[in-house]
Amino acid sequence: MDDTTRSCREFTALLASDAPAPGGGGAAAMAGGLGAALCGMVASLTTGRKKYAAVEDEIQQLLERCNTLHERLLDMVAADAEGFLPLARVYGMAKDDPARPAALQAASETACGAPLRMMALCLEALEAADRLADIGSRLAVSDAGCAAALLQGGLRAASLNVYINTKAMPDRAAAEGLNRRCDELLRRGTALADAVFDRVKEELTTL
């Protein structure tokens, strides 16, 4: 069963259990999916309104983009679990097995794939949240800020799932290369999320 087809209570109960997946990566993807869906909500509440007719074409494009992003992020819940399977098999190998280092390297690289994709998707959704916070319905501006907060949470959580896997890699040059990719996505996404959140907060608290 795709864990995203469970009820919220079933998903969180599974998350709280001793099952190896979903874990932090699945939760990161879910947070990102919720954030992207909120972006879609802002676009949905803006489209077709006379007050925003001047940006209707762009809003329609953002709506389509956000709907795609939230689906892709939800797909990452299963992708993250699948990406962990080879690593789980390596952990079952004897530590003195001569094949273990190469297997650990390959499995760790595989396990980094889904969280890195999640981060890229969260960043793309944050770019949409940034724009929607400016041109979307003012009645839904708080939702654009909420989207940014959730997407930042997904981004940051996904990054830790990269770092824990690169930490175990025997090939330190490869690990450092993946860490640099992760660092850059984290830097860009965190800065953008903070900017959107702060802008929305200022609008909501300024009389």
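Annotations for the structure displayed:
- Kirkwood Rh in Å, taken over the stretch 76-142 so that all alpha-carbon pairs contribute: 14.5
- Here the dipole of the stretch 1-61 is about 340 debye; that uses its Cα centre as origin and unit charges on the Cβ of Lys and Arg (positive) and Asp and Glu (negative).
- Compactness of the stretch 114-201 as Cα Rg over 2.2 N^0.38 Å, two decimals: 1.22
- With eigenvalues of the C-alpha gyration tensor scaled by 5 and rooted, the chain, Å: 37, 18, 13
- For the stretch 158-205, the convex hull spanned by the alpha carbon atoms encloses 52 Å³ per residue.
- On full extension, the segment bounded by D97 and S44 gains 13.5 nm, given 0.36 nm per residue less the C-alpha separation.
- Between A36, A94, A114, the Gaussian network model of the chain with springs among Cα atoms under 10 angstrom shows the greatest mean-square fluctuation at A94.
- Added length on full extension, which subtracts the Cα-Cα distance from 0.36 nm per residue, N67 to S17: 15.0 nm
- Solitary cysteines of the chain, where the nearest other Cys Cβ is not under 4.7 Å: C8, C112, C122, C146, C182
- Accessible area (Å², per residue) of the chain, counting only protein heavy atoms and a probe of 1.4 Å: 52
- Taking D194, D96, D75 in turn, the Gaussian network model of the chain (Cα-Cα springs below 10 Å) assigns the largest fluctuation to D96.
- Rounded to the nearest 20, the Cβ-based charge dipole of the stretch 37-113 about its Cα centre (Lys and Arg +1, Asp and Glu -1) stands at 240 debye.
The values are calculated or read from the model by the stated rules, or taken from the named source; none is laboratory data. What you are looking at is a predicted structure, and each value in this text was computed from that prediction instead of being measured. Note: ideal-geometry Cβ built from the backbone for every residue, glycine included; neighbour counts use all protein chains shown. Keep in mind that these areas ignore ligands, DNA and RNA; they rest on the heavy atoms of the full protein, side chains included. Shrake-Rupley method; radii C 1.70, N 1.55, O 1.52, S 1.80 Å.
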